[in-house]
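Shown next, in structure tokens, is the structure this report addresses.
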């Protein structure tokens, strides 16, 4: 059997598909035209066009979080990579695998410093510290690609950047590479599990149960069902607390699953959560630090008297490590506590961010994917959906806003049969609003809910937290999205997505019911007051200062009201 | 007289303002809150909020092109800089001064690798190879800022990046720095001017006049009135050709000014322009190279038999150097040929990209600023506006699309009394469409004209130029913005800009007349067929192949029809 000789791009396409990379999120230019032309040589490769690279990279991130395998991106030189950098940063921080393919000028052209010439490798290192390679020849290209795939989907997952010069792409003599072997992570070693089991057992001896003295902190892969169940068995047996990192890459939750308490974004609240813990056991997680630094406040949130233990690192199998720890504690047969089903009632009256979250809890369908980038408006999302049907929660792992809408694109392509709900702040949504167009083009089942409070609301809080005093009108105007207020439903319509603006809870509930019942993308704009406006915003700094000094019961009750 | 002690941000603000930096384009986050708070301490500093960093950086670029001094940007850590990178790249390639202020975590916080932590300096080096500095203390901050300003506005102008850790910003003990001296570039030295004059004189001797044998290639500062006039005197005296670089940073043109022939984007056409030139004299310009590489084609466009001379580099005073050359040639008193006033008639019938350009030429007001990022749709803009009233033309200097709308924001803020017209392709506009909101918020006199041909039209051409054969449906779909077609007038309305969609030349002309007569921002969507669709697109590859072999007269006539 003879086959036509392949150019670099065609061989690369086959290498990707054979390794299971079947989706490419693209925003191509001239230097990527041979890759684009090669799309038709591989029926298994789906190309999804984005109007902006941040959409492509964020979609690749969302896809991999749900598909548990990487997608490829196709970006246009250093500037295209730059445009995609923020969402690649979020992927990096979330340990999410992505294979970036960044087109470059032909190797003989770079010497001329043409208009689009820039140092791509330098930019790439920011998000791909583990793998940046410029392929040097058509013959070497597919091995380079296989190495990039191996790097991306190793544990921890990472962003791997393969730079593809145009002549390497168009050159003849491409040789597809067989698929690289998948990673096979191991559990924590016996000695580590035994030592941690002993520490927990000692804490139990001292206090009867370990509650309040020892805690597991789960991150990354530990927040999927197997890890959560193992941790819940340990908790049921020994009384350890189980925390989740503040911004999980993907958290499986809802009725029938173990619950887990997320570390709070506000360092002051995290301090209350961690107070009294003497042993903190990390499972694919980092010891908690504050998101930003604040004058006169500590960045490292682990109490001084607390010892940090590492059960498993991101290179290990988190669930197997937790199983081993459960075994070592004799907790393997313990009955984990599971979340009972419960839903909030139907909200009524003038719309607020809280009522939007309540409506989502009221209506959340089975097996949904919930993307939370609602910032201050999403404060009540977690409690209102805790007992909703089982769902996945995706959060902003790297703090670079503009992740949510692109993530929704990728998640919907990874899981076409599952409803995707993206809850997004107004300020946040505008970084990558172009994602709506791709939702319309690909007819994705995504409901985007935009909280329109006409403000960078969180910055009003942060302005006071950082101690910036004497705040004047010019400073306030920098946090204010009034004048003009954005009309998100119109923006949606302009990009082919059915958009509706709501100002009452009744309207919102109806719109959400309609959106969930009608295939294709929808956008519901929720016009709401700032969640932290007026009295609440003024009270917050006082509350945060006072929390560490309040009696634990009172602090915890307050915390529940305001924690994300 | 006693004054209150200043924190770092307040002292920085004063240093900026004292050095003439009076506008800051912002997209701040928590780590920039002290800088934001300090805005109210400096009445002279205007802060312009953008919803996306690419708008802020592109606005700073457009501002500096028109104000001839830098603005500052305020960006949020590495991801904010990443989002702004593409338009900083365009500024860098255009030799435009920008002072980036990139907030960072407090110096004591970076060790914890919090969510937003990334290697900012690495990213910055891509666009700020000449100046990246992380300020290490409040005491040193203002000197760092002065050094950044000096670096930015030196010749050539460049992007200087000052990284501002939060604690350096909030620390007490800031000491404003006196304004650094402005640059004082010198003209080419006498020997260089004499030698080039001699070369030109010899070419004149050989050919009677130097036409066709010697040419000046003007770039950067040489394309402003003084440089153009000096070059035109040289041309009038000696018959040299005068070319402009393909994508000028800012070109002064129109009735009453000397004309200049821009090197074509298409290398095939540039080859026709440069054919027969034996001496090419660079004035703040680079020897022409093709924008992209193409299989089997040369990247370097200077003919083999041509000698390249450098009259002045970007570090020198281009106009003074041209004056010196004119003097050396005895051309100082020559009468330069000036563009006669002329306008095309009022277009009629079904709208096309050509008719949009014709309408712009028909109506262009005095002293306008024209921003051309219309890609294929703007092919006829140059001929139709050649005899229009004097105006400035800003083009895409670095090839990173998404420059035009942000540039318009900055240009309108630099020159509030001048009308700004931004002609933008549909694909291009969507990279930084958020600029519309800032236009509305700041009530800027900008008319944005979006050519909606539902296509990345230029890529249809490039696909064939790079020799990508057997193009299938998937590949074509990557260049196609149909399904859904974007409704730009709706997008404008959604962001508070008056938007109108036009499909006939009559509608377009009326809309443009109304927009030019009514203060504030307007968007006119021009629904047009692809300028290079159907027969024309099929003819183009043949034409480009044939051009070098056609008789010069025929080639030139064809070139005029299709050159940008």
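The values are calculated or read from the model by the stated rules, or taken from the named source; none is laboratory data. Predicted model only: the values in this text are computed from it and were never measured. For neighbour counting, all protein chains shown are included, and Cβ atoms are generated from backbone atoms with ideal geometry for every residue, glycine included.
Take the conditions surrounded by 20 or more Cβ atoms within 10 Å (Cβ to Cβ), within 14 Å of another protein chain (Cβ to nearest Cβ) and modelled with pLDDT of 95 or more and apply them to residue B:497. Does it pass? Reasoning before the result, please.
On the way: surrounded by 20 or more Cβ atoms within 10 Å (Cβ to Cβ): yes; within 14 Å of another protein chain (Cβ to nearest Cβ): yes; modelled with pLDDT of 95 or more: yes.
When the stated conditions are applied, residue B:497 passes them.
Residue check: residue B:449 meets all listed conditions (1) more than 8 Å from chain A (Cβ to nearest Cβ); (2) over 29 Å from the mean Cα position of the chain (by Cα) but one, namely (2). Return yes or no: is residue A:485 in contact with a strand residue (DSSP E or B) (Cβ under 9 Å, 6 or more places away or on another chain), modelled with pLDDT of 90 or more and not in a strand (DSSP E or B)? Spelling it out, residue A:485 is indeed in contact with a strand residue (DSSP E or B) (Cβ under 9 Å, 6 or more places away or on another chain), modelled with pLDDT of 90 or more and not in a strand (DSSP E or B).
Within the range A:90-101, is there a residue that is closer than 30 Å to residue B:248 by Cα and assigned by TED's automatic domain parsing to the domain that holds residue A:56? So far as the range A:90-101 goes, no, none of its residues is closer than 30 Å to residue B:248 by Cα and assigned by TED's automatic domain parsing to the domain that holds residue A:56.
Within the range B:322-354, restricting attention to residues that are out of contact with any helix residue (DSSP H, G or I) (no Cβ under 7 Å at 6 or more places or on another chain) and not in a loop (DSSP other than H, G, I, E, B), which residue is surrounded by the most Cβ atoms within 10 Å (Cβ to Cβ)? Filtering first and then ranking leaves B:354. For the range A:483-494, a residue qualifies if it is more than 7 Å from chain B (Cβ to nearest Cβ) and touching a helix residue (DSSP H, G or I) at 6+ places or on another chain (Cβ under 6 Å), and exactly one does: A:492. Selection of the range B:11-38 for residues being part of a helix (DSSP H, G or I), buried (at least 20 other Cβ atoms within 10 Å of the Cβ), more than 10 Å from chain A (Cβ to nearest Cβ) and in contact (Cβ under 8 Å) with a residue 60 or more places away in the chain yields B:11, B:12, B:14, B:15, B:16. Of all residues in the range B:130-142, count the ones that are under 30 Å from the mean Cα position of the chain (by Cα), more than 14 Å from chain A (Cβ to nearest Cβ) and surrounded by fewer than 18 Cβ atoms within 10 Å (Cβ to Cβ). Summing the residues that are under 30 Å from the mean Cα position of the chain (by Cα), more than 14 Å from chain A (Cβ to nearest Cβ) and surrounded by fewer than 18 Cβ atoms within 10 Å (Cβ to Cβ) in the range B:130-142 gives 0.
Considering every residue within the range A:183-199, establish whether at least one is within 30 Å of residue B:290 (Cβ to Cβ) and part of a helix (DSSP H, G or I). No.
Taking the stated definitions as given, is residue A:153 over 22 Å from residue B:82 (Cα atoms), under 20 Å from the mean Cα position of the chain (by Cα) and surrounded by 22 or more Cβ atoms within 10 Å (Cβ to Cβ)? Criteria met by residue A:153. Note on the range B:39-97: residues that are surrounded by fewer than 24 Cβ atoms within 10 Å (Cβ to Cβ), more than 12 Å from every other protein chain (Cβ to nearest Cβ) and either outside any loop (DSSP other than H, G, I, E, B) or on the phi > 0 side of the Ramachandran plot (or both) total 4.
Would you tally the residues in the range A:109-129 being at the interface with chain B (Cβ under 7 Å from one of its Cβ atoms), under 15 Å from residue A:31 (Cα atoms) and touching a helix residue (DSSP H, G or I) at 6+ places or on another chain (Cβ under 7 Å)? Steps first, please.
Taking the range A:109-129 first, the residues at the interface with chain B (Cβ under 7 Å from one of its Cβ atoms) are A:109, A:112, A:114-116, A:118-119, A:122-123, A:125-126.
From the residues that got through so far, the ones that are under 15 Å from residue A:31 (Cα atoms) too are A:109, A:114-116, A:118.
Then drop every residue that is not touching a helix residue (DSSP H, G or I) at 6+ places or on another chain (Cβ under 7 Å), which leaves A:115-116, A:118.
Qualifying residue count, the range A:109-129: 3.
Note on the range B:283-306: among residues that are away from chain A (no Cβ under 14 Å) and either touching a residue at least 40 places away in the same chain (Cβ under 8 Å) or more than 30 Å from residue B:197 (Cβ to Cβ) (or both), the one that is surrounded by the most Cβ atoms within 10 Å (Cβ to Cβ) is B:283. When the range A:382-412 is filtered for residues that are touching a strand residue (DSSP E or B) at 6+ places or on another chain (Cβ under 6 Å) and more than 14 Å from chain B (Cβ to nearest Cβ), the ones remaining, listed by number, are A:391, A:392, A:393, A:394, A:404, A:407, A:408, A:411, A:412. Taken together, A:525, A:462 contain a single residue that is outside any helix (DSSP H, G or I), buried (at least 17 other Cβ atoms within 10 Å of the Cβ) and under 26 Å from the mean Cα position of the chain (by Cα), which is A:525.
Per the conditions (1) surrounded by fewer than 18 Cβ atoms within 10 Å (Cβ to Cβ); (2) within 14 Å of chain B (Cβ to nearest Cβ); (3) under 25 Å from the mean Cα position of the chain (by Cα), the sole criterion not satisfied by residue A:314 is (1).
For the condition touching a strand residue (DSSP E or B) at 6+ places or on another chain (Cβ under 7 Å) and farther than 30 Å from residue B:395 by Cα, what is the one hit in A:159, A:102?
Details: A:102 fails: farther than 30 Å from residue B:395 by Cα.
Step by step, each of A:159, A:102 is checked, and only A:159 is touching a strand residue (DSSP E or B) at 6+ places or on another chain (Cβ under 7 Å) and farther than 30 Å from residue B:395 by Cα.
Inside the range B:412-434, residues that are in contact (Cβ under 8 Å) with a residue 60 or more places away in the chain, surrounded by 24 or more Cβ atoms within 10 Å (Cβ to Cβ) and within 15 Å of residue B:364 (Cβ to Cβ) make up a count of 2.
Take the residues in the range B:466-482 that are in a helix (DSSP H, G or I) and surrounded by fewer than 22 Cβ atoms within 10 Å (Cβ to Cβ); name whichever of them is farthest from the other protein chains (Cβ to nearest Cβ). Explain how you work it out, then say what you get.
Narrowing the range B:466-482 to residues in a helix (DSSP H, G or I): B:473-477.
With surrounded by fewer than 22 Cβ atoms within 10 Å (Cβ to Cβ) added as a condition, the list becomes B:473-474, B:476-477.
On the way: B:473: 7, B:474: 4, B:476: 9, B:477: 7 Å.
So, considering only residues that are in a helix (DSSP H, G or I) and surrounded by fewer than 22 Cβ atoms within 10 Å (Cβ to Cβ), the one farthest from the other protein chains (Cβ to nearest Cβ) is B:476.
Please go through the range B:362-379 and give me each residue that is buried (at least 22 other Cβ atoms within 10 Å of the Cβ) and within 12 Å of residue B:423 (Cα to Cα), ordered by number. Write out each step before concluding.
Taking the range B:362-379 first, the residues buried (at least 22 other Cβ atoms within 10 Å of the Cβ) are B:364, B:368-378.
Within the range B:362-379, B:369, B:370, B:371, B:372, B:373, B:374, B:375, B:376, B:377, B:378 meet the criteria.
Here is the figure for the range B:98-108: residues that are at the interface with chain A (Cβ under 9 Å from one of its Cβ atoms) and closer than 19 Å to residue B:221 by Cα total 0.
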